[in-house]
Amino acid sequence: AQSVDQPDAHVTLYEGASLELRCSYSYSAAPYLFWYVQYPGQSLQFLLKYITGDAVVKGTKGFEAEFRKSNSSFNLKKSPAHWSDSAKYFCALEGRNNNRIFFGDGTQLVVKP
Amino acid sequence: GALVYQYPRRTICKSGTSMRMECQAVGFQATSVAWYRQSPQKTFELIALSTVNSAIKYEQNFTQEKFPISHPNLSFSSMTVLNAYLEDRGLYLCGARDRGFGNTLYFGEGSRLIVV
């Protein structure tokens with residue numbers, strides 16, 4: 001079985017602060033991991049992905065994520081945060097042997113100016 | 001860049017009627033297409049995965065009888081929601097995978113289903 005947990009339904013911070021959105025996963029083998037962002041009324045936009053290799057992957061819009069096998073986490077980071085980063089962020093996992101991608105429940109990020 | 005178009009963007013249908021939505025990959029070959037539903041205030045549920053040269057695989061709680069999917073070529077897929085009821089409302093997303101872009105899944109803008 002494969003699953004993704006985003007423990008924080010809401011995160012609020014002020015512009016200029018550092019943001020870190022948490023994601024943990026459960027999968028029996030090495031996973032592919034993704035972060036997507038959804039702006040209000042819109043679809044999903046791809047931010048970044050982890051396939052293999054380096055633990056820190058860089059993506060679009062200045063975001064990066066760190067893969068930590070030791071605690072099965074893939075947290076999204078950005079510093080500094082900007083008010084335009086306000087959106088809902090989804091962590092996703094793909095099983096390497098089944099090509100099925102499952103999403104976490106999402107974290108609603110509010111960045112106050 | 002890779003583009004995925006979905007049509008229609010929004011449909012209002014009467015309870016018990018059906019809605020068909022289309023997904024078009026532009027500029028790449030969609031070797032697999034995944035359909036998702038986002039119910040109000042919820043996450044994205046995988047409905048089914050369609051891969052070229054393989055049978056369409058539906059997830060638990062979703063059936064071919066309710067959500068028939070067609071994937072006739074590498075640029076087009078369609079899905080119908082048959083006998084739609086309130087619990088079927090939401091945003092339906094098509095995600096198309098392009099091996100040329102590192103196998104990333106790219107999503108269309110979605111087809112929103114409103115049931116009245």
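The values are calculated or read from the model by the stated rules, or taken from the named source; none is laboratory data. Since the structure is predicted, the reported quantities are computational estimates derived from the model, not experimental observations. Please note: Cβ atoms are built from the backbone with ideal geometry, for glycine as well, and neighbour counts cover all protein chains shown. Accessible surface is based on the protein model in full, side chains and every heavy atom, while ligands, DNA and RNA are left aside. Shrake-Rupley method; radii C 1.70, N 1.55, O 1.52, S 1.80 Å.
Near B:Phe44: Cβ cut-off under 10 Å, other residues only, Lys/Arg at +1 and Asp/Glu at -1. The net charge is 0. Eigenvalues of the alpha-carbon gyration tensor of the protein assembly as shown, scaled by 5 and square-rooted, set the equivalent ellipsoid semi-axes at 29, 21, 16 angstrom, largest first.
Eigenvalues of the alpha-carbon gyration tensor of chain A, scaled by 5 and square-rooted, set the equivalent ellipsoid semi-axes at 23, 14, 12 angstrom, largest first. The listed residues A:His82, A:His10, B:His71 rank as A:His10, A:His82, B:His71 when sorted by accessible area, largest first, using a 1.4 Å probe. Among the protein heavy atoms of chain A, carbon and sulfur supply 49% of the accessible surface, probe 1.4 Å, non-protein parts ignored. My understanding is that a pair violates if its Cα-Cα distance is over 18 Å; which of A:Lys69/B:Lys57; A:Lys77/B:Lys42; A:Lys49/B:Lys57; A:Lys61/A:Lys88; A:Lys49/A:Lys77 do that in this structure? Distance filter (> 18 Å) returns A:Lys69/B:Lys57; A:Lys77/B:Lys42; A:Lys49/B:Lys57.
If you sort A:Arg100, B:Arg20 by accessible surface, 1.4 Å probe, largest first, the order is B:Arg20, A:Arg100. The figure for A:Asp5 is an accessible area of roughly 80 square angstrom, using a 1.4 Å probe on the protein chains alone. For A:His82 and B:Asn53, the FRET efficiency from 1/(1 + (r/R0)^6), where r spans their Cβ atoms and R0 equals 41 Å, is about 0.40.
Computed over the Cα atoms of the stretch A:11-67, what is the convex hull's projected area averaged over all directions, in nm²?
5.1 nm²
Quick one: net charge of A:Arg22's neighbours, Cβ under 9 Å, K/R +1, D/E -1?
After counting each charged neighbour, the total is -3.
Under 5 Å between amide hydrogens, built in the peptide plane, is the criterion, and for B:Lys66 it picks out nothing among residues at least 5 positions away or on other chains.
Leaving ligands and nucleic acids out of the surface, order A:Ile101, B:Ile114 by accessible area at 1.4 Å, largest first. Before the final figure, lay out each step's value.
Numbers: A:Ile101 5, B:Ile114 50 Å².
Ranked list, largest accessible area first: B:Ile114, A:Ile101.
Charge dipole of the protein assembly as shown (Cα centre as origin; +1 on each Lys and Arg Cβ, -1 on each Asp and Glu Cβ, all else neutral): 220 debye, rounded to the nearest 20. Residue farthest toward the positive end of the dipole of the protein assembly as shown, with Cβ of Lys/Arg at +1 and Asp/Glu at -1: which of A:Gln42, B:Cys13, A:Thr60? Checking the options against the dipole of the protein assembly as shown, the answer is B:Cys13. Using a cut-off of under 20 Å, list every residue of the stretch A:93-113 whose amide N is near the label point 7 Å from the Cα of A:Thr12 along the Cα-to-beta-carbon line. Once the point is set 7 Å along Cα→Cβ of A:Thr12, A:106-113 turn out to lie under 20 Å by backbone N, inside the stretch A:93-113.
Net charge in the neighbourhood of A:Arg100 (other residues with Cβ under 12 Å of its Cβ; Lys, Arg +1, Asp, Glu -1) is 0.
3J(HN,Hα) along the stretch B:104-116: 6, 8, 10, 10, x, 6, x, 10, 8, 9, 10, 10, 10 Hz, from the Karplus curve 6.51 cos²θ - 1.76 cosθ + 1.60 with θ = phi - 60°, whole Hz, x for Gly and Pro. Between A:Asn97 and A:Asp5, full extension at 0.36 nm per residue minus the direct alpha carbon distance yields a gain of 31.1 nm.
The equivalent ellipsoid that matches the C-alpha gyration tensor of the stretch B:3-109 spans semi-axes of 23, 14, 13 angstrom, in descending order.
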